[in-house]
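Have a look at the structure below before the remarks.
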Amino acid sequence: MRSTLRLSTGAILALTSLAWNEASSAPWLPATMSLDRASVYEAALAPSEPDQIFAITVGWGLYRSEDQGDSWTDLTQNLPADRVLEAIAISPNDPNFLLLGGERPTTDTVLLLRSIDGGDSWSETSTGIEGRRVTALAFHPLDPSVVYAGTGWADPSGVYRSEDAGSTGL
């Protein structure tokens, strides 16, 4: 097994066995300068479409790139106005199937949205999740019908599981 890790100093470390070794001195390169200088809070890569990236920005925007970050499409206008975004997950088999989690701040309730068209449109699917905010989302890598959602910022907080890819809630 070999994994790599790039450091901000420019070093690339390679994990072989149980030790990190310096692999080269290539620097980190900016993927883009076109997110209107927005601070990116969360980013996710589509496992089955490596050119596709989604980014949640501070200020609660959502952007999609289909060219490894060279250009971005603002998807924010397709989201509910009352939102705080915190987590995104992309199906391991379908780059157009996304889950987006966060909170509705005016009511302090969970927000969980589902898209089957790459983020162009969304439907709400938070049935059964208690807590105030979805803070983490993950598809099972071998069975994309299984999805996990973590909640926080309130009691009760916990981990929820859906066996229908979040279609009827978690």
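The values are calculated or read from the model by the stated rules, or taken from the named source; none is laboratory data. On a predicted model such as this, the values are computed, not experimentally measured, just so you know. Cβ coordinates were reconstructed from backbone atoms using ideal geometry, including for glycine residues, and neighbour counts include every protein chain displayed.
Here is how the numbers come out for the structure above:
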quantity: Among the residues listed as Ser115, Ser91, Ser121, Ser65, the single one being more than 14 Å from the chain's Cα centre (by Cα), of a type in the set (Ser, Thr, Tyr) and over 21 Å from Ala154 (Cβ atoms); calculated: Ser121
quantity: Contacts under 7 angstrom Cβ, first residue in region 157-170 being closer than 15 Å to Thr109 by Cα, partner modelled with pLDDT of 85 or more and loosely packed, with under 12 Cβ neighbours inside 10 Å, 6 or more apart; calculated: Leu170/Arg161
quantity: Complete set of residues in region 143-156 that are more than 18 Å from the chain's Cα centre (by Cα) and among the aliphatic types (A, V, I, L, M); calculated: Ala154
quantity: Count - residues of region 159-170 that are modelled with pLDDT under 85 and more than 16 Å from Pro92 (Cβ to Cβ); calculated: 4
quantity: Residue match in region 74-82 (condition: closer than 29 Å to Arg132 by Cβ, of a type in the set (A, V, I, L, M, F, W, C) and surrounded by fewer than 16 Cβ atoms within 10 Å (Cβ to Cβ)); calculated: yes
quantity: Qualifying positions in region 81-109 - polar (S, T, N, Q) and either in contact with a Leu (Cβ under 9 Å, 6 or more places away or on another chain) or in a strand (DSSP E or B) (or both); calculated: Ser91, Thr109
quantity: Hits in region 129-149 - residues which are surrounded by fewer than 22 Cβ atoms within 10 Å (Cβ to Cβ), modelled with pLDDT of 90 or more and within 15 Å of Glu103 (Cβ to Cβ); calculated: Thr135, Ala136
quantity: Residue count, region 37-73 (criterion: crowded, with 17+ Cβ neighbours inside 10 Å and small (Gly, Ala, Ser)); calculated: 6
